[in-house]
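Right, one structure below, let's go through it.
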Amino acid sequence: MEKVNVTYDRENDVLFLYKNVRPKGSIELGDFILSFTEGMKATGIEILNASKRLSQIFDVKLTKENLANTVKANFRTGYEADCVYVFFTVVWKHQQTEQKGSSMIPVPQAIRA
């Protein structure tokens, strides 16, 4: 499994998850910018307004401090019939314990064409 690098820009509240693979292109889906290879394999996820967006998705109050303490992350591309999904997990420290949130991002058929 390829290593996922994590960078958090606290000032702009942007979380970057990326692999050391050169992307062929990217698409913007709301607060998510996804980078892909030519074969639609995810190489990176940029999450804008990360503390607000991930709080909504994970149903937990995430602060900029929490995201600054991101310990690790992972993501993978999943394929099902004619659908592409990007599954991702983020792990952060809160009061000396690790907390985790996971979700998926569907990639609309029209964008992939």
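The values are calculated or read from the model by the stated rules, or taken from the named source; none is laboratory data. Keep in mind it's a predicted model, so treat the numbers as computed, not measured. For neighbour counting, all protein chains shown are included, and Cβ atoms are generated from backbone atoms with ideal geometry for every residue, glycine included.
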Query raised in the report: Only one residue in Phe87, Phe75 is closer than 21 Å to Val21 by Cα, in contact (Cβ under 8 Å) with a residue 40 or more places away in the chain and aromatic (Phe, Trp, Tyr), so which one is that?
Result: Phe75
Report summary line: Every listed condition ((1) farther than 23 Å from Gln95 by Cβ; (2) surrounded by fewer than 16 Cβ atoms within 10 Å (Cβ to Cβ)) holds for Lys52 save (1)
Requested in this report: Take the stretch 55-95 and flag every residue that is at pLDDT below 85 and loosely packed, with under 12 Cβ neighbours inside 10 Å.
Outcome: Glu80, Ala81, Asp82, Gln95
Query - Residues (at negative phi, of a type in the set (D, E, K, R) and either surrounded by 14 or more Cβ atoms within 10 Å (Cβ to Cβ) or in contact (Cβ under 8 Å) with a residue 12 or more places away in the chain (or both)) located in the stretch 6-40 - result: Asp9, Arg10, Lys19, Arg22, Lys24, Asp31, Glu38
Requested in this report: Any chance you could count how many residues in the stretch 7-31 are under 16 Å from Arg53 (Cβ atoms) and aliphatic (A, V, I, L, M)?
Outcome: 4
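Check the stretch 61-80 and report whether any residue there is among the aromatic types (Phe, Trp, Tyr) and closer than 14 Å to Val107 by Cβ.
Taking every residue of the stretch 61-80 in turn, at least one turns out to be among the aromatic types (Phe, Trp, Tyr) and closer than 14 Å to Val107 by Cβ.
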